[in-house]
Every structure is written in structure tokens, then in C-alpha cells.
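What follows is one structure encoded as C-alpha cells, with my remarks underneath.
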Amino acid sequence: MTRPLILLTGATGYIGSHTWLALLASGFDVVGVDNFSNSSRETLNRLHRLSGQTPDFVEADVCSAAAMDAVIRGRRVAAAVHFAAFKAVGESASQPLAYYANNVGGLLTLCQAMQANDCKTLVFSSSATVYGNPQQLPIREDAPLSTTNPYGASKLISENMLRDVEQADAAWAIALLRYFNPVGAHESGLIGEDPRGTPNNLMPYITQVAVGQRARLQVFGNDYDTPDGTGVRDYIHVLDLADGHVQALRYLLGQRRGITANLGTGVGYSVLEMVRAFEQASGHPVPFEIVARRPGDIGACYADPSRAREMLGWTAQRGLAAMCADSWRWQSQNPHGMAP
Ligand code: UFG
């Protein structure tokens with residue numbers, strides 16, 4: 001049987017690289033595209049070591065129509081998974097045009113190139129951010145959608161655009177996957193989250209404190225309406241997230257119809273629970289101080305993951321201890337990330 005070829009954009013990024021491996025292990029071939037705007041070439045060497053094969057890779061920007069057309073035209077691409085996007089909430093508020101250009105413009109360019117080459121199966125990286133400040137927990141896919149920053153708006157605009165595309169042409173099959181909070185790393189410790197500069201997100205910040213690169217974690221508020229007052233999130237192991245993409249592709253290619261699904265565990269942990277779990281997994285202390293709330297943050301956010309279970313046959317398998325142990329292995333083996 002031939003292995004369907006999947007185009008991954010943002011392929012050397014955090015979720016892209018883990019999904020690349022999961023696809024190769026699940027009977028798919030992959031061509032990866034990235035412009036290294038927030039990832040390293042070294043990822044390709046690591047993928048080579050882990051998969052035993054030379055990655056089929058094209059360095060290109062998803063906003064380049066010519067490049068996207070060339071990648072798809074020259075190959076029999078069965079489907080695309082579109083990860084390439086900017087993702088820093090704070091930065092999006094100061095550089096909205098860059099976010100709309102890259103996140104909405106890149107998706108538009110990709111879809112046009114796909115359509116021109118009759119490739120109409122797409123998995124899109126969306127985010128729980130489209131639920132805004134959720135009124136009900138756990139969050140179901142039919143919850144009201146809203147956004148509070150340009151990053152979130154770029155995801156919601158993208159979702160709406162893709163719904164219109166599906167509506168206009170039934171040959172399209174599109175999965176909108178709403179990620180909760182990805183953490184963890186491949187169990188080899190060879191690939192993982194490699195943020196540039198100061199991490200915005202909790203887990204990479206915790207790991208950098210534990211490895212001694214930063215003095216202490218700042219906990220943004222302990223007066224939320226949560227059991228210990230700190231923010232509660234649905235952390236999901238990146239390997240489970242990668243498997244969710246494999247299942248979504250199988251669904252789209254088999255059923256030829258779209259789906260919108262949460263990818264989360266359904267369980268929320270507070271910032272302080274994360275700190276304690278990480279200390280236990282790593283054997284290192286994580287000093288912290290309580291500071292003011294971060295503007296725009298919400299108290300609690302966790303998924304109802306039942307649709308993904310029912311429709312995709314997918315549930316998260318890995319618990320908090322594995323998330324912390326794998327994050328720690330990656331960070332301690334690569335204290336400076338991918339950079340040699
Ligand atoms: N936090 C801290 N200190 C830090 C970083 C985070 O206390 O240094 C807290 C936050 O206040 C929050 C929790 O840790 O309570 C998680 O924060 P993250 O920044 O890791 O994650 P968010 O849930 O805020 O944001 C994530 C993604 C966004 C996405 C959002 C909603 O990073 O892209 O989920 O889906 F928009």
C-alpha cells in the first residue's frame with residue numbers, strides 16, 4: 001500500500017516536529033516546510049536520528065504563493081497539516097499586522113495553492129483561545145467563541161475562513177483542532193519546546209528555572225476563583241497532541257468530511273500543582289514568587305474532550321508525571337535548546 005504524503009507547515013516547530021515523527025510511525029510520508037522563524041535547523045538532524053530517514057524538507061515561507069505551489073505541484077500531497085503561525089499573545093497586541101499577515105495570510109496562501117492543485121484535505125492548528133473567557137467548564141466545541149487579542153482573533157478568523165471554504169466546495173475536508181496547553185517532549189529528549197528569548201508559557205519557564213537559567217518563576221496571581229487561587233489549565237502531552245493529528249488525518253481521508261474538535265485531557269491543574277509535579281519529576285526545586293495577574297489571563301480553562309474520543313477514537317494517554325519527566329529530560333539534556 002502506498003503511504004499517503006502529508007505536507008506539514010511549521011514542521012520544525014514544537015508540535016510540528018513531534019507530529020512529523022508520529023506520522024512516519026503511523027504509515028504516512030511527510031514533506032516538511034518551515035522558514036525557521038521560530039525553530040532551528042538542528043531539528044532536522046534530530047528527526048533524522050529518531051526516524052532513521054533523511055527528512056524530506058523544503059525551506060520556505062507559507063506566505064510565498066510560488067513556494068507553496070511548487071511544494072504541492074511537484075508531489076502527490078494527500079493532505080496538509082498547517083502549524084506555521086506566530087503564537088505569542090502579548091507580541092500579537094504590539095504587532096497585530098504581523099500576526100494577521102502571517103497567521104491569516106499564510107493560511108490563505110496555503111489554501112489557494114492546495115485548491116489550485118486539487119488537494120483539499122487540511123488539518124488546522126487552532127487553539128482554545130477561540131473560547132475567550134469561557135462561561136462554562138469543561139469547554140465543549142459548541143461553546144460561544146470570542147477573542148481578546150490579535151493572536152486569538154487570527155485563529156478565529158482562520159476558522160471562519162475555513163468553514164466558508166468547506167461550505168462552498170464539498171470536496172474540502174477540514175479539521176479544526178483546538179489545542180489546550182501542550183507540554184512535554186519526545187521521550188528520547190532529542191526534540192522538545194525550544195522558545196527563543198524569555199518563555200511566555202508556564203512549562204518552559206519552569207524548566208528553565210529548574211535547570212538554573214532563571215532565578216524564580218513568577219506566578220501570575222493567586223486570587224482567581226480556583227482551588228488554590230492560581231490559574232488552572234488543561235495541560236496535554238505533545239505526543240498525545242501529535243497522535244490527535246494522526247487520528248484527524250485518518251478521519252478526514254476516510255470519511256471525507258470535516259470536524260472541529262478539542263484536543264485536551266479534560267483535567268485542569270493549577271500553576272502551583274504544576275510546580276510541585278515538576279519538582280517531583282525533576283528532583284530540582286522551582287523557587288517562585290506570587291506577583292500580580294497577567295493582563296488578559298483567565299482563571300480556569302479545560303476541555304470536554306469527548307467529541308475527539310467519539311469521532312476520532314482519540315484520548316490523551318499520558319498523565320502529568322510523564323509530561324513533567326519528559327519536559328525535564330529535554331531541558332536537562334539541552335540546557336540551551338537546539339542551539340549547538
Ligand atoms: N503562568 C505563570 N507564570 C508564567 C507563565 C504562566 O504563572 O511565567 C500561568 C498563567 O497565568 C496561566 C498558566 O500559567 O495561569 C498557563 O499560562 P501559559 O502562558 O502557559 O498558557 P495560557 O493558557 O495563558 O496560554 C495558552 C497558549 C496561548 C493560547 C491560550 C488559550 O500559550 O497561545 O493558551 O488557548 F492563546
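Only the coordinates and a few stated rules stand behind these numbers; no lab work does. Source: prediction; values computed, not measured. Please note: Cβ atoms are built from the backbone with ideal geometry, for glycine as well, and neighbour counts cover all protein chains shown.
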Original post:
Could you work out Rg/(2.2 N^0.38 Å) for the chain, with Rg from alpha carbons only?
Top reply: 0.95
Original post:
What are the ³J(HN,Hα) values, in whole Hz, obtained from phi via the Karplus relation 6.51 cos²θ - 1.76 cosθ + 1.60 with θ = phi - 60°, for each residue of the stretch 141-155 in sequence order, with x given for Gly and Pro?
Top reply: 5, 8, 5, x, 10, 6, 9, 10, 7, x, 4, x, 4, 5, 6
Original post:
Residues with amide H under 5 Å of D29's amide H, sequence separation 5 or more or different chain, H placed in the peptide plane at 1.01 Å from N; which?
Top reply: L5, I6
**OP:** Report, in debye and to the nearest 20, how large the dipole of the chain comes out about its Cα centre when Lys and Arg carry +1 and Asp and Glu carry -1 on their Cβ.
**Re:** 440 debye
**OP:** Would you give the gap between the C-alpha center of the stretch 304-340 and the C-alpha center of the stretch 131-160, rounded to a whole Å?
**Re:** 23 Å
Original post:
Taking 0.36 nm per intervening residue step and subtracting the Cα-Cα distance, what contour gain separates T54 from R216 on full extension?
Top reply: 54.3 nm
**OP:** Let me have the relative contact order for the chain, percent, based on Cα pairs under 8 Å that are six or more residues apart.
**Re:** 19 percent
Subject >> Charge-dipole axis of the chain as Lys and Arg at +1 and Asp and Glu at -1 on Cβ define it, positive-most pick from N102, Q247, T147 >> reply: Q247
Original post:
Relative to a virtual label point 7 Å from the Cα of S94 in the Cα→beta-carbon direction, which members of the stretch 186-209 show backbone nitrogen distances below 16 Å?
Top reply: 196-201
Original post:
Given H placed 1.01 Å from N in the peptide plane, which residues other than close sequence neighbours of V81 have an amide H under 5 Å from its amide H?
Top reply: L7, L8, T9, V123
Original post:
Which residues' amide hydrogens lie under 5 Å from the amide hydrogen of Y131, considering only partners 5 or more residues apart or on another chain, with H built in the peptide plane?
Top reply: S146
**OP:** Considering Cα pairs under 8 angstrom that are at least six residues apart, work out the relative contact order of the stretch 2-138 and quote it in whole percent.
**Re:** 26 percent
Original post:
Each residue of the stretch 100-110 in turn: what ³J(HN,Hα) in whole Hz from Karplus with 6.51, -1.76, 1.60 and θ = phi - 60°, glycine and Pro shown as x?
Top reply: 5, 4, 6, 7, 7, x, x, 5, 4, 4, 4
**OP:** Please report how far the C-alpha centroid of the stretch 222-289 lies from that of the stretch 1-75, rounded to the nearest whole angstrom.
**Re:** 24 Å
